[in-house]
Amino acid sequence: MGLSGSDNSCDPTPPPGPLAMALFGALFLALLAGAHAEFPGCKIRVTSKALELVKQEGLRFLEQELETITIPDLRGKEGHFYYNISEVKVTELQLTSSELDFQPQQELMLQITNASLGLRFRRQLLYWFFYDGGYINASAEGVSIRTGLELSRDPAGRMKVSNVSCQASVSRMHAAFGGTFKKVYDFLSTFITSGMRFLLNQQICPVLYHAGTVLLNALLDTVPVRSSVDELVGIDYSLMKDPVASTSNLDMDFRGAFFPLTERNWSLPNRAVEPQLQEEERMVYVAFSEFFFDSAMESYFRAGALQLSLVGDKVPHDLDILLRATYFGSIVLLSPAVIDSPLKLELRVLAPPRCTIKPSGTTVSVTASVTIALVPPDKPEVQLSSMTMDARLSAKMALRGKALRTQLDLRRFRIYSNHSALESLALIPLQAPLKTMLQIGVMPMLNERTWRGVQIPLPEGINFVREVVTNHAGFLTIGADLHFAKGLREVIEKNRPADIGASTAPTPSTAAVLLL
């Protein structure tokens, strides 16, 4: 009776359904992707504070581009009157209202309202046997332009203009006709200006399309992606994803990784924290993680650059005397015949240095071997001692122009023997002179290189000014303002492709935009 049919406690649990398995698989793949996601080593944020400066430079370029508008000749017949309007040129652009804003979907939007264009054209009129001609000034008023620019990452990791839009309209035209047939022109003016307004409406967006997709992309091509820093290492500034716009800023994530030029496919795993950008008070902010600096030091280590050998006269005189006195007994015991041979001091970094960024400052930890030997001519060198050196350097970062520069200073230094504690005690007298030698002879060489800096991914002609460096836990940020050292036209003319013929524009409703 105890085994009634209502007791199902011993029934096996039913297997999970297809929906549960699909959800489990999606969760597993998401966790797997997150575990392998790589953080950017460099981030750049352009804030709305930069838009006014960018708009001023962009409008100057826009005015120059609109002056290139080519309007077809307008010919026609009205009764016995034959007219021809030709050689139409845009002479000036007057702006009364313009706005440049970030938009989450469109990235950047430029809106111009109630602008006017100055025009000059040639008129020709034939009435029976009477002819009249000459040049006349006109104006297109109530010009409205709304253009949007989308930025994206291309397959090479470069930022490109990927999609553009344009809406343009001219509400009215005015032309001050004169001459022999002024009354006739007054009669025809409505017809002629309406035709010119229609043609002008059709030409604005194609010009902006060419400016955005061809000329502006030529400017973006000046941003370094994978380039050489010097003869030993290069840097990878490829975008990791499409730029992201909000209503107040535009954020870009760059890989920010160095590599040896002899191992272009080598990559240091990024285990550093992701840099964060929260500020919006300055025009632009750049963030660098510890990975950015670690990849630089490991690349130079792999390239064999982190070693130094001083022989003979290259060894400071006072240090030479001290080292010979310290190891006089060893020299006599090992090989007294070479006592007057040149002295050799060799430093070799044993492992890639590591950078630590804290709110209190930035430090670089270095472990190196120090070898002291005599190098008699045409004979094997005689090693006198081998010791290990631990050093800690402080690093101060600065942004000059668009180069990130570093100033190093030796803070901590100690040497010890790998063989015995007794020998480590014997090395104490060498501590101070070796540190002095590093400060006087080695640090200036390091700083000469690090102060040359590495370029930040900015277009040519744009520099940083009034920068402020702030340290955080695991990364640092640099806030700065922008300065146009060159005009957009100058940079684009210098870098425009050889084959830069007119691009094929879409219909005016979807044509392009000039934006920076």
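The values are calculated or read from the model by the stated rules, or taken from the named source; none is laboratory data. Owing to the predicted nature of the structure, the values given are computational and were not obtained by experimental measurement. In this analysis, Cβ positions are derived from the backbone assuming ideal geometry, glycine residues included, and neighbour counts consider all displayed protein chains. Heads up: the accessible areas ignore ligands, DNA and RNA and are worked out on the full protein's heavy atoms, side chains in. Shrake-Rupley method; radii C 1.70, N 1.55, O 1.52, S 1.80 Å.
Residues in region 450-499 that are of a type in the set (V, I, T) and open to solvent by less than 20 Å² (accessible area, probe 1.4 Å): how many?
Looking only at that region, the number is 7.
Yes/no matrix, rows are residues, columns are (1) in a strand (DSSP E or B); (2) under 18 Å from L220 (Cβ atoms); (3) at pLDDT 85 or above:
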residue: T147; (1), (2), (3): yes, yes, yes
residue: L151; (1), (2), (3): yes, yes, yes
residue: A156; (1), (2), (3): no, yes, yes
residue: C166; (1), (2), (3): yes, no, yes
residue: F177; (1), (2), (3): no, no, no
residue: V184; (1), (2), (3): no, no, no
residue: L188; (1), (2), (3): no, no, no
residue: T193; (1), (2), (3): no, no, no
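One line per residue, one yes/no per condition, for (1) among the polar types (S, T, N, Q); (2) over 21 Å from T222 (Cβ atoms):
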position: I440; (1), (2): no, yes
position: M445; (1), (2): no, yes
position: T450; (1), (2): yes, yes
position: G474; (1), (2): no, yes
position: N495; (1), (2): yes, no
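For region 40-50, how many residues are open to solvent by less than 80 Å² (accessible area, probe 1.4 Å) and either more than 28 Å from L215 (Cα to Cα) or not in a strand (DSSP E or B) (or both)? Can you show your working first?
Of region 40-50, the ones open to solvent by less than 80 Å² (accessible area, probe 1.4 Å) are 40-48, 50.
Okay, now just the ones that are also either more than 28 Å from L215 (Cα to Cα) or not in a strand (DSSP E or B) (or both), so 40-41, 48, 50.
Count: 4.
Could you tell me which residue of region 51-91 is most open to solvent (accessible area, probe 1.4 Å), considering only residues that are farther than 20 Å from G118 by Cα and assigned to a strand (DSSP E or B)?
R75
In this structure, is G133 open to solvent by less than 10 Å² (accessible area, probe 1.4 Å) and small (G, A, S)?
Details: open to solvent by less than 10 Å² (accessible area, probe 1.4 Å): no; small (G, A, S): yes.
So G133 fails the test.
Can you say whether S248 is in contact with a helix residue (DSSP H, G or I) (Cβ under 8 Å, 6 or more places away or on another chain), open to solvent by 20 Å² or more (accessible area, probe 1.4 Å) and either assigned by the TED database to the domain that holds S165 or more than 19 Å from Q455 (Cβ to Cβ) (or both), as far as the supplied structure shows?
When the stated conditions are applied, S248 passes them.
Testing S365 on (1) among the polar types (S, T, N, Q); (2) in a strand (DSSP E or B); (3) within 23 Å of D318 (Cα to Cα), one condition comes back false. Which one is that?
Checking S365 against (1) among the polar types (S, T, N, Q); (2) in a strand (DSSP E or B); (3) within 23 Å of D318 (Cα to Cα), the one that fails is (3).
Among the listed residues Q94, Q106, identify the single one that is open to solvent by less than 50 Å² (accessible area, probe 1.4 Å) and touching a residue at least 12 places away in the same chain (Cβ under 8 Å).
Answer to the selection: Q106.
From the list V491, V442, V468, exactly one residue is aliphatic (A, V, I, L, M), at pLDDT 70 or above and assigned to a strand (DSSP E or B). Which is it? Outline the logic, then answer.
Details: V491 fails: assigned to a strand (DSSP E or B); V442 fails: assigned to a strand (DSSP E or B).
Going through V491, V442, V468 in turn, the sole match is V468.
Would you mind telling me which numbered condition in (1) charged (D, E, K, R); (2) touching a strand residue (DSSP E or B) at 6+ places or on another chain (Cβ under 7 Å); (3) open to solvent by 50 Å² or more (accessible area, probe 1.4 Å) D236 fails?
Only one criterion is unmet by D236, namely (3).
Among A337, A325, A296, A351, which is the only one that is closer than 30 Å to V244 by Cα and either free of Cβ contacts under 8 Å to residues at least 60 places away in the same chain or open to solvent by less than 20 Å² (accessible area, probe 1.4 Å) (or both)?
Answer to the check: A296.
In a loop (DSSP other than H, G, I, E, B) and hydrophobic (A, V, I, L, M, F, W, C): which single residue out of A272, A296 fits that description?
So the residue among A272, A296 that is in a loop (DSSP other than H, G, I, E, B) and hydrophobic (A, V, I, L, M, F, W, C) is A272.
Out of curiosity, is G256 under 22 Å from the mean Cα position of the chain (by Cα) and on the phi > 0 side of the Ramachandran plot? Let's see the steps before the verdict.
Details: under 22 Å from the mean Cα position of the chain (by Cα): yes; on the phi > 0 side of the Ramachandran plot: yes.
For G256, the condition - under 22 Å from the mean Cα position of the chain (by Cα) and on the phi > 0 side of the Ramachandran plot - is met.
Are any of the residues in region 376-394 closer than 30 Å to G41 by Cβ, assigned to a loop (DSSP other than H, G, I, E, B), open to solvent by less than 50 Å² (accessible area, probe 1.4 Å) and touching a Leu at 6+ places or on another chain (Cβ under 6 Å)?
Scanning region 376-394, I find no residue that is closer than 30 Å to G41 by Cβ, assigned to a loop (DSSP other than H, G, I, E, B), open to solvent by less than 50 Å² (accessible area, probe 1.4 Å) and touching a Leu at 6+ places or on another chain (Cβ under 6 Å), so the answer is no.
Can you tell me which residue in region 244-291 is modelled with the lowest pLDDT, limited to those that are over 19 Å from R153 (Cβ atoms) and of a type in the set (F, W, Y)?
Filtering region 244-291 for residues that are over 19 Å from R153 (Cβ atoms) and of a type in the set (F, W, Y), the one modelled with the lowest pLDDT comes out as W266.
Scanning for something free of Cβ contacts under 8 Å to residues at least 60 places away in the same chain and of a type in the set (F, W, Y), does region 235-252 turn up at least one residue?
no
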